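Asker: Okay, here's the structure, questions in a sec.
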Amino acid sequence: MTDLTAPALRPANPRFSSGPCAKIPGYSLDLLGDAPLGRSHRAAVGKAKLKEAIDLTREILGVPADYRIGIVPGSDTGAVEMAMWSLLGARPVEMLAWESFGEGWVTDVVKQLKLDAIVKTAPYGQIVDLTTVDFDRDVVFTWNGTTSGARVPNGDWIADDREGLTFNDATSAVFAYDMPWDKLDVTTFSWQKVLGGEGAHGVLILGPRAVERLESYTPSWPLPKVFRLMSKGALAEGIFKGETINTPSMLAVEDVIFALEWAKTVGGLQGLMARSNANAAALGDIVASSDYLGFLAADPAIRSKTSVCLTVKGADEAMIKKMASLLEAENAAYDIAGYRDAPPGLRIWCGATVDTADIQALGPWLDWAYHTAKA
Ligand SMILES: Cc1ncc(COP(=O)(O)O)c(C=O)c1O
């Protein structure tokens, strides 16, 4: 096909970025009118909002009552770093990485914390052999590789009788996959992915075994205040009730409360997963009917349903840039060039805040951009 005529129908919302992701359908800043701006986050009204965000997170994700949920500084990176610096070092570590964020955690553990770590990595589009993971060690992994479109298939590979802790960077996975909480000792995410929230804060979910580690082990290295989960020898329980370590953005908190409330209106976690699945399936149909698109993650069992990464036949970085800029100029798709460290390709967010009709409308535009860029 070499038809260079631009398609008639545009996606109603051209926002397909993999983070920050599309806001919830029908979003408007007017929704945030109830944010307690200019008030102390330690006033009753501020603390109530923070607690509401925590409670809604627990309800929608089905987080067990004995797991703690805290809102922490520094987005997902802050939550992962805080967990690694507070908890690692008690036993050897195994690091699993299949794209740039996981590789970043490897760097921290090996070069900054200088821990005894087995490091297993896989190229973009693949994951490591999960059958060889040693759960006597603490294991750090990324559930969904946002920059590679590869993910773990489920949590079955995680040992029930593990001695080590599991650290799950789930920032592009929560609210899109069922999380097997009994297998996860530490889980982290940020709001701007599947919820379409704002970047700012991280969410840290600690299971009982992680809390036990905090209470029984003190790392040999110093911890900055923004990482400290312990206070006067005891767990800082306030963090898990909305008493944040430092000042949060109440605008971002109000925003995520709306996103969580919206999640309830579409059927909660099941509804969110169904929306993401439908989007990924619609994109799968586009790929199947195209002679130039493919999946970076060839194996469907480990293929992301959120950050779907596509190969484009014969395209180098310059051609991908050209396609992305043509689509942006036409307001047909924003921010769909693959991540800078990934092989040249496209990355299209299929999380729950995207409408399936917009993915469907994107198909003809991809054809147009491909043939136009090639010509
Ligand atoms: C898997 C993964 N980990 C960590 C991060 C960093 O998240 P944040 O920017 O919220 O710190 C991202 C961001 O895209 C991510 O996709």
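Asker: Go ahead and run the numbers for FRET between SER249 and ALA357, Cβ-Cβ distance against an R0 of 35 Å, rounding to 0.05.
Answerer: Working: r = 32 Å, r/R0 = 0.92.
Calculated transfer efficiency: 0.65.
Asker: Over the chain, with a Gaussian network built from C-alpha contacts below 10 Å, which listed residue (ALA329, ALA12, ALA79) shows the highest mean-square fluctuation?
Answerer: Highest fluctuation of the listed residues: ALA329.
Asker: First select every other residue whose beta carbon is under 12 angstrom from the beta carbon of LYS374; then total the charges, Lys and Arg +1, Asp and Glu -1. Before the final figure, lay out the partial values.
Answerer: Numbers: positive: LYS313, LYS322; negative: ASP316, ASP367.
So the surrounding residues net to 0.
Asker: Counting other beta carbons within 10 Å of each residue's own, what order do MET250, MET95, MET319 fall into, fewest first?
Answerer: Listed from fewest to most nearby Cβ atoms, that is MET319, MET250, MET95.
Asker: In what sequence, highest mean first, do 344-351, 39-46 appear when ranked by Cβ atoms within 10 angstrom?
Answerer: Descending mean neighbour count gives 344-351, 39-46.
Asker: Considering the convex hull of the alpha carbon atoms of the chain, report its projected area averaged over all viewing directions, in nm², one decimal.
Answerer: Answer in nm², one decimal: 18.5.
Asker: I've got another one for you. For the residues THR107, THR147, what sequence is obtained by ranking on other C-beta atoms within 10 Å, fewest first?
Answerer: Least to most surrounded, the residues fall as THR107, THR147.
Asker: Ok, one more. Provide the net charge surrounding ASP182, with neighbours chosen by a C-beta distance below 13 Å and charges set as Lys +1, Arg +1, Asp -1, Glu -1.
Answerer: Local net charge: -3.
Asker: Could you tell me which trypsin sites (Lys or Arg not before Pro) in the stretch 109-212 are loop residues by DSSP with no more than 15 other beta carbons within 10 angstrom of their beta carbon?
Answerer: For trypsin sites (Lys or Arg not before Pro) across the stretch 109-212 that sit outside H, G, I, E and B with at most 15 neighbouring Cβ atoms in 10 Å, the list reads LYS114.
Asker: Within the stretch 220-255, which residues have the backbone N less than 14 Å from the label spot 7 Å out from ALA43 along Cα→beta-carbon, could you tell me?
Answerer: 250-251
Asker: If you take every residue apart from PRO92 with its C-beta less than 10 Å away from the C-beta of PRO92, what net charge results, scoring Lys and Arg +1 and Asp and Glu -1? The partial results should precede the final answer.
Answerer: Values: positive: ARG91, ARG137; negative: GLU94, ASP116, ASP134, ASP136, ASP138.
Neighbourhood net charge equals -3.
Asker: Let me ask something additional. Bin by bin, in steps of 10 Å, what percent of the Cα pairs in the stretch 204-327 do you find, going until the bin that has the longest distance?
Answerer: 9, 23, 20, 25, 18, 5, 0
Asker: Distance cut-off 32 Å, Cα to Cα: go down the list LYS193/LYS313; LYS23/LYS232; LYS49/LYS111; LYS49/LYS114 and report the pairs above it. Provide the component values of the computation, followed by the final result.
Answerer: Values: LYS193/LYS313 28 Å; LYS23/LYS232 40 Å; LYS49/LYS111 39 Å; LYS49/LYS114 39 Å.
From LYS193/LYS313; LYS23/LYS232; LYS49/LYS111; LYS49/LYS114, over 32 Å: LYS23/LYS232; LYS49/LYS111; LYS49/LYS114.
Asker: Per residue Cα convex hull volume for the stretch 118-214, in cubic angstrom?
Answerer: Working: hull volume 10.5 nm³, N = 97.
Enclosed volume per residue, from the Cα hull, is 109 Å³.
Asker: Okay, moving on. Hey, fewest Cβ within 10 Å first, where do ILE69, ILE118, ILE336 land in order? Walk me through the numbers on the way to the answer.
Answerer: Values: ILE69 20, ILE118 14, ILE336 26.
Ascending Cβ contact count within 10 Å gives the list ILE118, ILE69, ILE336.
Coordinate-derived values only; no laboratory data. Note that the structure is predicted; figures quoted are calculated from it, not measured. Here Cβ is always computed from backbone atoms with ideal geometry, including for glycine, and neighbour counts include all displayed protein chains.
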